[in-house]
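The next block holds one structure in the form of structure tokens; read it before the comments.
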Amino acid sequence: MTRILLYTTPYCGFCLAAKRLLGRRQLEFEEIDVESDDEKRAEMTARAGGLRTVPQIFIHGRHVGGYDELVAAERTGELEAWLAHEPPVAEVSEP
């Protein structure tokens, strides 16, 4: 299953556009609203290499960037490759 994570705010046009793009492709995603949650915004900023704008999008833990980067990845086919290559689940060894 593809794990897509979006950090957003409620009134962000680019956030809405990113959610529409993913919805058109029938992709499920988790959304974290950072508008009034300083801890989640700090988490987003750290994960996104210091970027504070929204949306910040992650696929399988890989930082995609914002809406513009999502659209560019869709146009080049890169998005499809990211969606298809879910990282392997770490195996837990028995003691």
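Among [x] 23, 19, 12; [y] 26, 18, 12; [z] 35, 20, 12, find the value of semi-axes √(5λ) of the Cα gyration tensor in Å that was calculated from the structure presented, and write down its label.
Of the labelled values, this structure produces [x].
Add +1 for every Lys or Arg and -1 for every Asp or Glu among the other residues with Cβ under 10 Å from the Cβ of Val54, and state the total. Numbers along the way, then the final one.
Details: positive: Arg41, Arg52; negative: Asp33, Glu35.
Overall, the nearby charge balance is 0.
Once you list every other residue whose beta carbon is under 12 Å from the beta carbon of Tyr67, what net charge do they have if Lys and Arg are +1 and Asp and Glu are -1?
On the way: positive: Lys19, Arg20; negative: Asp68, Glu69, Glu74.
Net charge in that neighbourhood comes out at -1.
Looking only at Thr45, Thr76, Thr53, which one moves most when the chain is put into a Gaussian network model with springs between Cα atoms under 10 Å?
With Cα springs under 10 Å in the chain, the top fluctuation among Thr45, Thr76, Thr53 is at Thr76.
Counting Lys and Arg as +1 and Asp and Glu as -1, what is the net charge of the other residues whose Cβ lies under 12 Å from the Cβ of Phe14?
Working: positive: Lys19, Arg20; negative: Asp68, Glu69.
Summing Lys and Arg as +1 and Asp and Glu as -1 gives 0.
Each reported figure results from applying straightforward, stated rules to the coordinates on display, with no laboratory input. Small disclaimer: the values here were computed from a predicted structure and weren't measured. Cβ: placed from backbone, ideal geometry, glycine included. Neighbour counts: every protein chain shown.
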